Amino acid sequence: MTDCSSHVPVLEVTDLVRHYRLPRESLFAKPGHVYALNGVTFQIQRGKSFGIVGESGCGKSTLARNVMALEETDSGSVKILGQEVVGLSFDQLRPLRQHFQMIFQDPYGSLDPHHTVGRIVAEPLAALGAISNAERDRRVAEVLESVGLKTRDVTKYPHEFSGGQRQRIAIARALITHPELIVADEPVSALDVSVQAQVLNLLKDLQVQYGVTYMFISHDLAVVEYLCDEVAVMYLGEIVEKGLTENLFTNPAHPYTRILLDAVPKPGSGKRRERIKLKGNVTGQTERRVGCSFQDRCPMVQDLCRSEKPPLKEVGPDHLAACHFSDKVSAAG
Amino acid sequence: MTLLNVKNLNVILETSEGIARAVRDLNFSLEKGETLGIVGESGCGKSMTALALMGLLPEMGKTTGQIELNGENLLEKSEAEMCKIRGNNLAMIFQEPMTSLNPVHTVGRQIMEPLRLHMGLTKEEARAEAVRLLDRVGIPNPRERIGNYPHQLSGGQRQRVMIAMALSCAPDILIADEPTTALDVTIQDQILELIQALVHEEGMGLILISHDLGVVSENTDSIMVMYGGAAVETGRTDNIFDELVHPYTQGLFAAMPKLGRAREARLVTIPGTVPDLVNLPAGCTFTDRCPLATEICRNTPPPIESIDARHAAA
């Protein structure tokens, strides 16, 4: 879809909501819900990388599945290259899928062990309709080469490859349709540091080469800082802070972001540093609460936070945060 | 007396492809109240070392060398004697709290098991002790939680239960094999803090195994960097990070994305992957991936050089 004008965002998510219904605990009780996504809004411009960070259970992966139209969305809209995908049937989505592809976390579980690499990588081409075998082989060879694998690897099976190479195969599979958007859900968290660095560099190179846009999900802040232009921090199904990577990492305006950044261990920094610590886990996904979603764990919680929900408001150029006291948090840095 | 003294530890695994030398000529010692970190990529022999210490190697594995705990060589012990030592003297926290707890027993029962077995407590005593332990590792409402099954707990809580089990018989040495790898940074922080506090209170020795240089740097007194089954660099934590000597340690450090180091600089990668333990190269195992490799490296294994009193590199 190269005919799109450049100012249409590649991905536009507006007020996305997804609640999962829990089984009834008794015949007459009302069923509970898991409030996985509570109104998420963001845009990604062409050729940019957008990072999403947060602890497990904050809705990162639910967001990825909804953006990829892999499950039904409760309300809100997801526009890919200006085209609405929420509410479309699988048949209607099929031709569109070539524009958005996904890379999964586990390079062992996401490749079918019974298929050769050639077949795995060529699979998304089925969405393009009939193409000749020669054309298919040519594209497989081309894409394998661009991720640093050899053309003769097409006849091998996934078990013959290491974790890093498998993730390259997964990247090749995502790239073969020349997508505009690649959603990567924790693509490097299962890899060793040295291999992780190779894959991260590859993702960066491919972006330069093909101009693809990434939505990059990770719990590792350092990885996100390395790869992404923009970052959103999620907590309990909401974006609590969003901004350009430089601004957000040097001057966080939400207490949660600050704590996340402080919790990352730094090599060579000597013994434990002084910092704010976070108590408890991500809690309360099954209840609707009044006020700020972070109130239970926030070290600077006030009465206002318990009664009124802070809106996502501007705290600097292209920098949004949902905290009543964001100016105080910024000042503390 | 040194608490733990390991000399020339070798682990050999008989695989279908031949003999894999999973651990080669490892030497280290650990004092009471000290923390030793073992770092390296997957397949470098970290976990094999831990399992060898615990005497839990798979049947195809063979251990040679010496593991001296309180002056006694563990490798000469019978299986029955090892059963007494495991739990009482040596305890281990495993990597995956999801799979290392038994899903069909309550966590209370799992904590009580070593207490009744090793300490000979009655059911009531063991129960009271289990509640105390759960409270100690920071699980809220331990009296109710004791009746929960592992799936009713979060990942962080399960890891706390694992720690409670490991601590139940007050071991001399605690081995933590990637205790926080499956956890979020914030929870990782809490768990590491907890382990540190307990180690200080009890005066235990701790062996912390991790692939994360950051975790190891902040939580250990000394470090051993492993590659291809052997130690390539050992030393006091501060000394190691002051001056990284071995090219592998340097590579590992450079490959890590670091917070606040922005995006201009490209990550330096270590080309290739870890060596095949079945067909180890004749010389230095790191030759194929080393930016400094020369002909000597290919043919002769490098000797261990002392850089200063408490820092050595191969």
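Values quoted throughout were computed directly from the atomic coordinates according to the rules given, and no laboratory measurement underlies them. All values reported here derive from a predicted model rather than from experimental measurement. Using ideal geometry, Cβ is built from the backbone for each residue, glycine included, and neighbour counts are taken over all protein chains shown.
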Next item on the list: With a cut-off of at most 10 other beta carbons within 10 Å, and DSSP calling the residue loop, which GluC sites (Glu not before Pro) in segment A:1-103 qualify? Please list them.
Entry: A:E25, A:E71, A:E72
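Please compute the average number of Cβ atoms from other chains found within 10 Å of each residue's Cβ in peptide B:217-227. Present the calculation step by step, with values, prior to reporting the outcome.
Working: counts 7, 9, 3, 1, 1, 0, 0, 0, 0, 0, 0.
Mean shielding by partner chains, rounded to a whole number: 2.
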Notebook entry, point to check: aspartates and glutamates near A:K30 by alpha-carbon distance under 15 Å, same-chain residues fewer than 8 away left out - which ones?
Noted result: A:E287
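Can you tell me the FRET efficiency between B:E17 and A:D112 if r is taken as the Cβ-Cβ distance and R0 is 30 Å, rounded to the nearest 0.05? Don't jump to the answer; show the numbers that get you there.
Working: r = 25 Å, r/R0 = 0.83.
Working from the Cβ atoms, E equals 0.75.
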Notebook entry, point to check: Under 27 Å from the Cα of B:K46, which lysines turn up, not counting those fewer than eight places away in the same chain?
Noted result: A:K266, A:K271, B:K7, B:K32, B:K62, B:K77, B:K84, B:K258
Notebook entry, point to check: Can you sort B:L213, A:L320, A:L244, B:L56 by how many other beta carbons sit within 10 Å, fewest first?
Noted result: B:L56, A:L244, A:L320, B:L213
Item checked: Ranked list, fewest to most other Cβ atoms within 10 Å of each Cβ, for B:E76, B:E14, B:E178, B:E68 -> B:E76, B:E14, B:E68, B:E178
Notebook entry, point to check: Within straight cross-link reach of A:K309, meaning Cα distance under 19 Å, which lysines are found once same-chain residues fewer than 8 apart are removed?
Noted result: A:K242, A:K328
Checklist line | segment A:115-205: trypsin sites (Lys or Arg not before Pro) in DSSP loop, at most 14 other beta carbons within 10 Å | finding: A:K150
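Classify segment B:112-176: rounded, prolate or oblate, from the alpha-carbon gyration tensor (a ≥ b ≥ c, eigenvalue square roots; a/c under 1.5 rounded; otherwise prolate if a/b is larger than b/c)?
Values: a/c = 1.95, a/b = 1.20, b/c = 1.63.
Since a/c reaches 1.5 but b/c is at least a/b, the shape of segment B:112-176 is classed as oblate.
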Note to self: How would the protein assembly as shown be classified by its alpha-carbon gyration tensor: rounded, prolate or oblate, with rounded meaning a/c under 1.5 and the a/b versus b/c comparison settling the rest?
What the structure shows: oblate
